Amino acid sequence: MKFLFLFTFFLSSVIGFSQQNSPNIILMIGDGMGLTQISSGMYANGNQTALEECSFIGLSKTAAANRLVTDSAASGTAMACGVKTYNGALGLDTKNTPHKSILEFCKEKGYTTALLATSSILHATPASFYAKVTSRREYETIAFQLSQHQVDYFVGGGKKFFIDRKDKRNLINEMTDYTFVETLEEYETSSGPKIGFLTYDEEPPSLMEGRVPSLNELTVLTLEKLKATEKPFFMMVEGSQIDWGGHDNNLDYVVSEFKEFDTTIRKVLEFAKEEGNTLVIITADHETGGLALTNGDIDKGKVKGSFNTKGHSATMVPVFSFGKHAALFSGIYENTEIFHKMHAALTKE
């Protein structure tokens with residue numbers, strides 16, 4: 001009996017020590033956020049961005065397995081799961097074999113996990129971290145897979161695909177281990193170990209159209225909840241609608257969404273500085289719109305640009321990193337390496 005007690009104490013001490021040395025990982029994805037989107041937002045924001053605080057900068061090659069120009073599903077899967085795939089696929093390789101995401105690897109190591117997006121939570125980028133489907137458009141299937149998953153906190157639109165379904169199921173009622181909230185105040189005060197906040201029935205509107213709550217508010221509250229668990233955590237935060245501004249060829253839309261994302265980055269970096277033992281990676285899945293910055297006035301915070309496509313482009317995108325093991329992310333590499341570098345950070349001393 002004494003031996004069993006000592007062994008149990010030793011095992012719990014080893015696990016506790018291991019978790020103490022496991023870094024928090026915060027992956028921030030500005031969808032469609034190429035270097036020109038960053039430059040435009042920076043100049044429109046008094047010639048400053050929180051990204052300037054990052055210690056290391058790399059470049060990511062974004063091509064999909066079957067196209068030079070990727071979509072968000074293939075690029076999201078590359079970063080989440082470490083494999084190239086065809087446009088439209090989530091969590092699968094080119095042979096439709098499913099792969100574990102970095103979120104799922106973290107969960108196996110005892111991490112708490114969170115996904116936040118200014119799009120639907122079923123949209124391609126957040127879905128890359130939990131879904132395994134051949135088409136990103138299978139929203140009802142993706143919602144079901146999320147309902148069966150172990151993501152601890154998730155925030156984004158897409159409520160209708162949980163409750164207004166062809167199979168007549170109400171997934172929210174079935175997800176009995178979750179607390180579902182409907183306002184920022186409820187999200188803040190809820191102490192449930194698993195929380196779902198479906199912010200809009202379908203896709204949330206833009207900031208210019210009045211989207212609430214703000215991404216930075218949601219991120220700060222989620223960081224507080226993650227910290228309170230006293231466990232290491234993985235969190236993915238997506239500034240989804242930088243991309244949508246690019247698709248609309250609307251520079252004001254791009255800049256407003258970037259500014260919110262930049263404020264969120266600043267809050268995350270403040271957290272990382274205060275807490276330590278935290279790795280922050282900020283990148284994009286691809287560039288959108290083929291944006292060129294053509295004119296402007298820094299003193300007035302005005303920028304002018306032109307777009308050469310309504311779609312994505314194949315240009316490399318920057319990768320900024322800060323905190324523990326940030327040096328792993330310098331250099332030029334395929335977007336699949338973002339997964340492998342995060343995975344290496346989980347076990348690196």
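The values are calculated or read from the model by the stated rules, or taken from the named source; none is laboratory data. A quick note: this is a predicted structure, and the numbers were derived from the prediction, not measured. All Cβ positions, even for glycine, are placed from backbone atoms using ideal geometry, and neighbour counts span all protein chains on display. Accessible surface is based on the protein model in full, side chains and every heavy atom, while ligands, DNA and RNA are left aside. Shrake-Rupley method; radii C 1.70, N 1.55, O 1.52, S 1.80 Å.
Please go through region 308-343 and give me each residue that is within 20 Å of ILE242 (Cα to Cα) and among the hydrophobic types (A, V, I, L, M, F, W, C), ordered by number. Within region 308-343, ALA314, MET316, VAL317, VAL319, PHE320 meet the criteria. The residues of region 251-288 that are touching an Asp or Glu at 6+ places or on another chain (Cβ under 6 Å) and part of a strand (DSSP E or B) amount to a single one, THR288. Of all residue pairs spaced 6 or more apart or on separate chains, none has beta-carbon atoms under 6 Å together with a first member in region 20-32 that is without any contact (Cβ under 8 Å) to a residue 24 or more places away in the chain and a second member that is open to solvent by 10 Å² or more (accessible area, probe 1.4 Å) and not in a strand (DSSP E or B). Has region 95-116 got at least one residue that is aromatic (Phe, Trp, Tyr), closer than 30 Å to ILE195 by Cα and open to solvent by less than 10 Å² (accessible area, probe 1.4 Å)? Yes: region 95-116 contains one or more residues that are aromatic (Phe, Trp, Tyr), closer than 30 Å to ILE195 by Cα and open to solvent by less than 10 Å² (accessible area, probe 1.4 Å). Of all residues in region 130-158, exactly one satisfies the criterion of being part of a helix (DSSP H, G or I), closer than 19 Å to THR97 by Cβ and open to solvent by less than 10 Å² (accessible area, probe 1.4 Å), namely ILE142. Look at (1) buried (at least 16 other Cβ atoms within 10 Å of the Cβ); (2) touching a residue at least 24 places away in the same chain (Cβ under 8 Å) and you find that ASP167 fails only one, number (1). Considering region 309-345, and only residues there that are charged (D, E, K, R) and open to solvent by 40 Å² or more (accessible area, probe 1.4 Å), the residue that is farthest from the chain's Cα centre (by Cα) turns out to be LYS310. Across region 41-75, the qualifying residues are those that are of a type in the set (Asp, Glu) and more than 19 Å from the chain's Cα centre (by Cα), and the one among them that is surrounded by the most Cβ atoms within 10 Å (Cβ to Cβ) is GLU53. Only one of the listed residues (GLY296, GLY305) is closer than 21 Å to MET33 by Cα, open to solvent by 40 Å² or more (accessible area, probe 1.4 Å) and part of a strand (DSSP E or B). That residue is GLY296.
Can you tell me how many residues within region 200-219 are in contact with a Lys or Arg (Cβ under 8 Å, 6 or more places away or on another chain) and either open to solvent by less than 20 Å² (accessible area, probe 1.4 Å) or in contact (Cβ under 8 Å) with a residue 40 or more places away in the chain (or both)? Here the count works out to 6.
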